[in-house]
Amino acid sequence: MTLGLAAPAGAAPAGDVTTAVRQDGIPETLRVGTEGVYSPFSYHDSKGKLTGYDIELMDAVAAKLGVKVEYVETPWDAMFAALEADKFDIVANQVTRNDERAAKYDLSVPYIDTTGVVVVAEGNSTIKSLTDIKGKRAAENLTSNWSDVARDAGAEVVGMEGMTESIEALRQGRVDVVINDKLAISNYLATVKNPGVKIVTETKDVSQSVYAARKGSGYMDEINRTIVELKANGTEKRIYDKYFGAASSEASRWDLIRNNAWPLLVKMVTATIPLTAITFAIGLVAALGVALARMSSNPFVSFLGRAYISAIRGIPLLVLLFLIFFGLPQFGIKLSPWTAAIIGLSANVAGYAAETIRGAILSLPRGQWEAAQTIGMGYGTSLRRIILPQAARVAVPPLSNTLLSLLKDTSLVSTILVVEMFRQAQIAAAPTFEFFTMYALAALYYWVACTILSYFQGRTETRLNRYVTA
Amino acid sequence: MSTTPATTDTTAAGGHLVDVEHLRKSFGDHEVLRDISFEIRSGSATCIIGPSGSGKTTILRSLNALEIPDSGVVRIGDLTVDFAGITPGRGGRLPRAQREQLAAYRAQSGMVFQSHNLFPHKTVLENVTEGPVIVQGENAAEAAGRARDLLDQVGLSAHVDKYPHQLSGGQQQRVGIARALALRPKLVLFDEPTSALDPELVGDVLGVMKDLAAQGWTMAIVTHELRFAQQVADQVLFIDGGVIVEQGDPRQVIGDPQHERTRTFLRRVMEPI
């Protein structure tokens, strides 16, 4: 992998580095936010290298400016939140210019113009123009400008993760229409065998793709000059022809699986499993603290324990991760993706496991505490020597459930820029649009990992049961 | 030698190891102990009898601070606790100094529970050595040697490496006794030690207790075994309604009770039908 983000906690995470700034206001290393799964603009080729029209053009811009460039891969829905949280300096990801964005961000001059296209299922003959979509269901990414176009035309917008999911929904008849970038759709139709959908018309509006930076960046003029130069000297045209001139070569589904089975496994072993192990360990220790607080005879301490458990059980993990990663920077607390992921997942485990541990401790007869007391043990010694070893036996089955859930929940941290196995699957699928093949492979891997963990759960239970069954 | 009791306390006035004065305890509105006072002579066995709910177990648990009386003074050996001064601070916890005082008080006695409360995750030997090694800091090998002697004395030398669930109820209770003795207490407390046992197993446990009494251990026993009390006890307390109704020599209290309440109770126990 070429990206800092791809490495576990040891490597410096890209989103956190604030580099030196040159005299003209441009950072010596320009951090660029991009999706990495939006073919042909920003995706990984079969060797895993980040490439695409937006990537190559940004490389050319940076070369011209004489700065280094560092890509921070971010899901589209989190792109502007991450920009505002200073995870990177500029977005290069087919950002369409509109008034709202112009008011909120520093936008560059357009580097490519495109129109939108209206896409319907192959057998559909009722939708022929934009006006026909009034009252129909349109599948769009909610934060993209295409959802505005569909809504303005009177369609009911159904939120989708990305273009591929939208088209899949269209093919399955769940929605009636998709509006998206002409270049992206054309590339999709050229890449996929039997797409099952067709373009019926183009939208009138020309959409202009621009770079976006935080307000007051101070260096957009410099970038604008560079874009104009690259257009004038033919560099932009050469990159355009490379990605839109001809249909991309097409890899079969089996090639995709063959090429990615190993990298995906590597990601599971180097990211998903360490993340699970670290957060489970931290989470369990914290859970014990929370459980003991909850059982404290001190009403205030007990209240704190109760409040914590209530908050964790009441806040969706995804929301918690977003609050930590994108929310805390507004209070001056900037965390790397891995740090944020470890905190979020550990905090979640602590909340759930605390109740399990508390239940296990309460399930022991009071006589065990009393017997420990009468042989002179204090609270801490009783807990450590007498109570917890017995509680562990009771707690192992439910805690194993927590562990399996955690392993699967690590996929959520892909939304806060951690490249774990699920994100790796998305990256691999992007250039071929075979998302569902890769998702199925990822699902298989999660399943196998959970099965292995269940086996160890059984062994642990047998070991802990040795003193209760003959 | 390790199985004999700790030396008689020389500080005890008039040969009393334990002085209990004016114990009172309420659970909510229910007053379970109303002004309980008695003494236990060093090396004697005291049996506490009475109907269920009379407060006899609460008296025993007060001697080990498993229950904290509302007021009253207890002296065990050279350690005196005035329970009127033991009150939880803010947050429901006792202040540190009081916790330490109670810990020292508790260390004077060993406790044998009705339901034995052995540690199921530890072997028989570990159950006995846990207190000496972990709490008292005794050398592990020494403690194990003493524990083997104690287990031998209670007839369990063949079972030292078993887990409690592998033993019969009577054997488990004898481990409980060895565990209590291992801490070298001045006083051994028994809370209905045979009540949860099958009838044919009761004899083994009572036999061990009889041996201990003969060796000179100071014992306080809550029991329903009147024949045992008659044979072994130096003193019997009959408790009813939170007061000591009658106390004295077993030949008198059980053999020739003076109070109607005592007579009624004894009749019920001896002739249940």
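Between A:ASN233 and B:LEU94, what is the FRET efficiency for a Förster distance of 60 Å, r being their Cβ-Cβ separation, to the nearest 0.05? Working from the Cβ atoms, E equals 0.10. Relative contact order of the range A:253-467, taken over Cα pairs closer than 8 Å and 6 or more residues apart, is 28 percent.
Computed per residue of the protein assembly as shown from DSSP H runs no shorter than four, each worth -39500 (n - 2.57), the mean residue ellipticity at 222 nm is -13500 deg cm²/dmol.
How far is helix A:220-232 tilted, in degrees, relative to the longest principal axis of the Cα atoms in chain A, given as a value from 0 to 90 rounded to the nearest 10? Rounded to the nearest ten degrees, it is 50. Of the DSSP H helices in chain B, not one has a Cα length along its own long axis of 27 Å or more together with a mean Kyte-Doolittle hydropathy reaching 0.0.
The convex hull defined by the C-alpha atoms of the range B:113-247 has an orientation-averaged projected area of 8.8 nm².
Please pull out the direction-averaged projected area of chain A, using the convex hull of its alpha-carbon atoms, in nm² to one decimal place.
Values: hull surface 109.1 nm².
Computing the convex hull of the Cα atoms and averaging its projections yields 27.3 nm².
Extension gain for the segment A:ALA63 to A:LYS242, taken as residue separation times 0.36 nm less the Cα-Cα distance, is 62.5 nm to one decimal. If the chain linking B:GLN166 and B:SER26 were pulled fully straight, counting 0.36 nm for each residue of separation and taking away their Cα-Cα distance, it would gain 46.4 nm.
Between B:THR264 and A:GLU165, the simple spin-label model (points 7 angstrom out along Cα→Cβ) gives 7.8 nm.
Only loop residues by DSSP count here, and only those with at most 10 other Cβ atoms within 10 Å; note down the GluC sites (Glu not before Pro) in the range A:130-224 that meet that. Each step should come with its number before you reach the end.
Values: sites: A:GLU140, A:GLU156, A:GLU161, A:GLU165, A:GLU168, A:GLU202, A:GLU222; in loops: A:GLU161.
Sparse-neighbourhood loop GluC sites (Glu not before Pro): none present.
Relative to the dominant Cα principal axis of chain A, helix A:53-65 is inclined by about 80°. Compared with the dominant Cα axis of chain A, that is its longest principal axis, helix A:235-244 is turned about 70°.
Between B:ASP149 and B:ALA214, take the C-beta separation as r, use R0 = 22 Å, and let me know the FRET efficiency to the nearest 0.05.
Values: r = 17 Å, r/R0 = 0.78.
FRET efficiency, B:ASP149 to B:ALA214: 0.80.
Between the range B:205-273 and the range B:153-200, the C-alpha centres lie 22 angstrom from each other. Here chain A is assigned +1 on the Cβ of each Lys and Arg and -1 on the Cβ of each Asp and Glu. Its dipole about the Cα centre then comes out at about 1800 debye. Figure legend: label point modelled 7 angstrom from the Cα of A:ASN98 along Cα→Cβ; residues of the range A:155-179 with amide N under 15 Å from it are A:155-160, A:179. Residue by residue along A:363-371, Cβ atoms of other protein chains within 10 Å of the local Cβ number 4 on average.
The gain in end-to-end length when the A:THR115 to A:THR131 segment is fully stretched comes to 4.1 nm, 0.36 nm per residue minus the alpha carbon separation. Show which aspartates and glutamates lie in cross-link reach of A:LYS87 when reach means a straight Cα distance below 20 angstrom and same-chain residues fewer than eight apart are skipped. Those aspartates and glutamates meeting the cut-off are A:ASP16, A:GLU28, A:GLU35, A:ASP54, A:ASP59, A:GLU70, A:GLU73, A:ASP77, A:ASP106, A:GLU420.
In percent, rounded to a whole number, the relative contact order of chain A is 18, using alpha-carbon pairs under 8 Å and six or more apart. Counting only the Cα atoms, the range A:253-467 fills a convex hull of 134 Å³ per residue.
For B:ARG227 and B:GLU142, what does the FRET efficiency come to when R0 = 30 Å and r is the distance between their Cβ atoms, rounded to the nearest 0.05?
On the way: r = 39 Å, r/R0 = 1.29.
Rounded to the nearest 0.05, the efficiency is 0.20.
In the range A:253-467, a dipole from Cβ-located charges (positive for Lys and Arg, negative for Asp and Glu) runs towards its positive end, and of A:TRP338, A:LEU362, A:THR415 it is A:LEU362 whose Cα lies farthest in that direction.
Across the options B:HIS116, B:VAL135, B:ILE48, the greatest Cα extent toward the positive end of the charge dipole of chain B (unit charges at beta carbon of Lys, Arg, Asp, Glu) belongs to B:VAL135. Relative to one another, the C-alpha centroids of the range A:86-137 and the range A:206-277 are positioned 18 Å apart.
Could you tell me what percent of the DSSP beta bridges with both partners in the protein assembly as shown are antiparallel, to the nearest 5? If you can, show how the numbers build up before the last one.
Working: 47 of 77 bridges.
Here the antiparallel bridges make up roughly 60 percent for the protein assembly as shown.
Based on the alpha carbons, how large is the Rg to Rh ratio for chain B when Rh follows Kirkwood? Using only Cα positions, Rg/Rh for chain B is 0.96. What you get for the range A:253-467, charging only the Cβ of Lys and Arg (+1) and of Asp and Glu (-1), is a dipole of about 440 debye around the Cα centre. Projecting the Cα positions of A:LEU441, A:THR460, A:LEU65 onto the charge dipole of chain A (unit charges on Cβ atoms of Lys, Arg, Asp and Glu, taken about the Cα centre) puts A:THR460 furthest along the positive direction.
Suppose every Lys and Arg Cβ carries +1 and every Asp and Glu Cβ carries -1, with no other charges. What dipole size does chain B come out with about its Cα centre, to the nearest 20 debye?
Details: 27 positive and 33 negative charges, 89 e Å.
About 420 debye.
Throughout, read-outs are computed from the coordinates displayed, never taken from laboratory work. Given the structure is predicted, the values throughout are model-derived calculations rather than measurements. Please note: Cβ atoms are built from the backbone with ideal geometry, for glycine as well, and neighbour counts cover all protein chains shown.
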